[in-house]
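Beneath this line is the structure, given in structure tokens, with notes to follow.
Nothing in this text is a laboratory measurement; each read-out follows from the coordinates by a stated rule. As the structure is a computational prediction, the values presented were derived from the model and not from experiment. Here the Cβ is made from the backbone with ideal geometry for all residues, glycine too, and neighbour counts use every protein chain on show.
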Ligand SMILES: Nc1ncnc2c1ncn2[C@@H]1O[C@H](COP(=O)(O)OP(=O)(O)O)[C@@H](O)[C@H]1O
Ligand SMILES: Nc1ncnc2c1ncn2[C@@H]1O[C@H](COP(=O)(O)OP(=O)(O)O)[C@@H](O)[C@H]1O
């Protein structure tokens, strides 16, 4: 594989298309020869980020789009996810490990992204998420 | 599934990435519930078009990109493939069914695209290929 | 995702196949809710067979948590069968490992849930 | 794409697994060329088992045509085993159906290629 390159994917905000995202990630981590555990963590983080962009960011509005960039290099995979929503404050999200939230039915997505990836940065008021996984 | 929407994919010109394209197409035809034969024809046409864009159009130059658009509607799938090459004259391609070409090792890609899809149009001097498959 | 439903010794077994991601969790929630709703108080015994589920996202996990809560409320039980490594670590990360009954064999699960 | 190579009664069988698309055809060509190069005149007998190949693109087909030509030149034979519907129709569309020896059973193929 060559040094470094970028794959881009752009989806309308329709949850059923998460499988398209899933298949792209699966091929990229396979091509990059990530180890199985790391591959599954990347897969999970991307699905969580895509779901948030489509559901919370774009509010399932089919005219709004979710943008995915996969920056492939020899050392790591950097993934950028952007939506066209109103943004949010990623620091103001409840801790799903707080005992009172343990049996909550939601609120674990961002937490799982943070534990699955090596670097996680939100910008543009939460509308842009950049995450890195080293090999 | 909603009325009509567009999925976009952008790849650097690296033949190994054809599997990313392949997986995106597979998910889209599955989601659209194409019949098996039609799904395989779309799959083949997209692979041929992607291969041509990367190999002949962009000449495997990693800094040049291949662009794919999948326009999904209830009646059909319209696929647009673009490259950043020098273009070519699609009418000036040898007929692979001509007896003297039958045992040629190449030259069947565009032919297979034409027989697999319902509508095939080249524009921008062969740099843009639009193809339609009805359900 | 596909779900097959069968009964064994008073336990409703859901054999789930495929990743549980995106909108799959809504489908799964509907199926589980129906099963719980149609069980009498104290009779809801649900076993989710995840042997053929290679991956689950946080909304899938949320559905399992919701199922746990509803079943508790009806004084029933819910068990997870054949968790793969990745779903197991999902549950560990979410600190839910001590909450769910987990089994590696169907016989064992059925026996335990009927005790 | 993966290729496993085995010998049976003087026939080299290539069990191919996975789609043959994109750069796979270069890999396949290298493997086939080696097999043909290492066979003596009149001895090159190649059987491509495509049972587990769900799809092949035009470059894959080009490799099969090239193999046919090289084998002919060496007075050998090449056969295609277990063609699925989609590869069969690819070969039909390319008007190569009368060119290739095709078989649906390995025993039959081996017997025919040793005649
Ligand atoms: N892209 C986004 N745009 C707007 N709000 C978001 C976005 N991502 C997450 N959020 C907000 O953060 C909350 C927590 O997200 P998350 O941890 O993924 O859990 P969940 O999606 O289950 O609510 C969401 O409920 C939502 O309010
Ligand atoms: N996107 C493209 N840009 C430039 N030339 C192209 C493109 N697609 C096809 N061609 C030209 O048309 C020829 C025939 O293409 P095709 O029928 O796909 O067969 P093959 O790829 O096996 O040569 C190619 O050899 C190439 O010269």
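Below is a table of values for the structure above.
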| quantity | calculated |
| --- | --- |
| Packing-based exposure ordering (other Cβ within 10 Å, fewest first) of D:45, C:52 | C:52, D:45 |
| Nm distances between copies for residue B:92, ranked from closest, using label points 7 Å along Cα→Cβ | 6.2 |
| Label point 7 Å beyond Cα of residue A:3 along Cβ direction - residues of segment A:52-84 with amide nitrogen under 15 Å | A:72-76 |
| Between segment C:47-65 and segment B:1-79, the Cα center-to-center distance that results, in Å | 31 |
| Highest-fluctuation residue, A:65, A:108, A:82 considered, GNM on chain A with Cα pairs under 10 Å | A:108 |
| Cα gyration tensor shape for segment A:87-127, rounded if a/c is under 1.5, else prolate or oblate | oblate |
| Estimated FRET transfer efficiency when R0 is 51 angstrom, pair residue D:17-residue A:118 (beta carbons, to 0.05) | 0.90 |
| Mean separation of Cα contacts under 8 Å, 6 or more apart, over the residue count of chain A: relative contact order % | 28 |
| Relative exposure of D:69, B:130, judged by other C-beta atoms within 10 Å (fewest first) | D:69, B:130 |
| Shape call, chain B: gyration tensor on alpha carbons, a/c limit 1.5 | oblate |
| Residue A:132 versus residue C:27: modelled label distance in nm, points set 7 Å from Cα along the beta carbon direction | 3.8 |
| At 7 Å out from Cα toward Cβ: residue D:38 inter-copy label distances (nm, ascending) | 6.0 |
| Of B:92, B:118, B:83, the one that fluctuates the most in a GNM where chain B has Cα springs shorter than 10 Å | B:92 |
| For segment A:86-135 versus segment C:20-37, the gap between their alpha-carbon centres in whole angstrom | 24 |
| Mean residue ellipticity (222 nm) of the protein assembly as shown, computed from DSSP H runs ≥ 4 via -39,500 (n - 2.57), nearest 500 | -10500 deg cm²/dmol |
| Beta carbon of chain B nearest to the axis of the rotation taking B to A, residue and angstrom distance | B:23, 2 |
| For A:23-31, mean number of other protein chain Cβ atoms within 10 Å | 5 |
| Fewest-first ranking of C:100, A:111, using other Cβ atoms within 10 Å as the exposure measure | C:100, A:111 |
| For chain A, built as a Gaussian network whose Cα springs stay under 10 Å, the top-fluctuating residue of A:90, A:12, A:99 | A:99 |
| Nearest-first distances (nm) between copies at residue A:36, label 7 Å from Cα via Cβ | 3.1 |
| Cut-off 14 Å (backbone N to label point 7 Å along Cα→Cβ of residue B:10), residues of segment B:83-119 | B:83-84 |
| Virtual spin-label span in nm between residue D:41 and residue D:104, 7 Å along Cα→Cβ | 3.9 |
